[in-house]
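What follows is a short report on a single structure.
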Amino acid sequence: ARAVLRRVEEAVAKDKPLTLLKVADMARPLETEAKKGGGTAPFGKERCEQLLCHMITSGVLKEFVQHTAFSTNSYLRVGQSGKDVLEGRQKVLLEELVVKDGAAKAKA
């Protein structure tokens, strides 16, 4: 999560904001790098998008909308809680949903 937040911060600082899908595409190789360093295992694009949506709803990331004469786009920025994650005062946790015998249960 920290690597994603750093990349979002860098993009905004360079005035090249990123959409949710761009960040999701970018985050998957970051997770692979984390695994090489003893971190978490890589996961698919859908799981990565779930993580990013969780980060948005929990205030770690925030969306901002930019309008032009031809389009309206939603981009990401680091939210207030994201600053706490970057500084190590907060963690980003995402429960895993397990479906067994037709019943869905959350797994920590």
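Rule-based calculations on the coordinates, nothing more; no lab input. The structure presented is a predicted model; accordingly, all values stated were derived computationally and were not measured. Virtual Cβ from ideal backbone geometry, glycine too; neighbours counted across all protein chains shown.
Modelled this way, with points 7 Å down the Cα-to-C-beta line, the labels at LYS14 and LYS62 are 2.4 nm from one another. Fully extending the segment from GLU49 to GLU95 would add 15.2 nm, taking 0.36 nm per residue of separation and subtracting the current Cα-Cα distance.
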